[in-house]
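Since the structure comes first, as structure tokens, the remarks are kept for the end.
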Amino acid sequence: MTSLYLLIPLGVVVVFGAIAVFLVAVFGGQFERLDEQARRLPDDER
């Protein structure tokens, strides 16, 4: 039971950290122009 006092806040911190990383990526332009980036990949279907 005492381990829950550590694991629950730690889990909350990890979730908020993941959300923060995602928001930094979104607002930093990481997901813009995905169609252009897909065209730059090598074409292996020959």
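All of the numbers you see were taken from the coordinates with simple rules; none came from a lab. All of these numbers come straight from a predicted model, not from anything done at the bench. Neighbour counts run over all protein chains shown; Cβ positions are idealised from the backbone, glycine included.
The simple Förster model, with R0 at 35 Å and r as the Cβ-Cβ distance, assigns VAL14 and LEU34 a FRET efficiency of 0.85. By the gyration tensor of its Cα atoms, with a ≥ b ≥ c the square roots of the eigenvalues, what is the shape of the chain: rounded for a/c under 1.5, prolate for a/b over b/c, or oblate? Taking the square roots of the gyration eigenvalues as a ≥ b ≥ c, the chain is oblate. Computed from Cα atoms, the angle from the helix 4-27 axis to the main principal axis of the chain rounds to 30 degrees. Sketch the reach of a paramagnetic label on VAL26 as a point 7 Å from Cα along Cα-to-Cβ, and name the residues of the range 1-16 whose backbone nitrogen lies under 20 Å away. The answer is 12-16.
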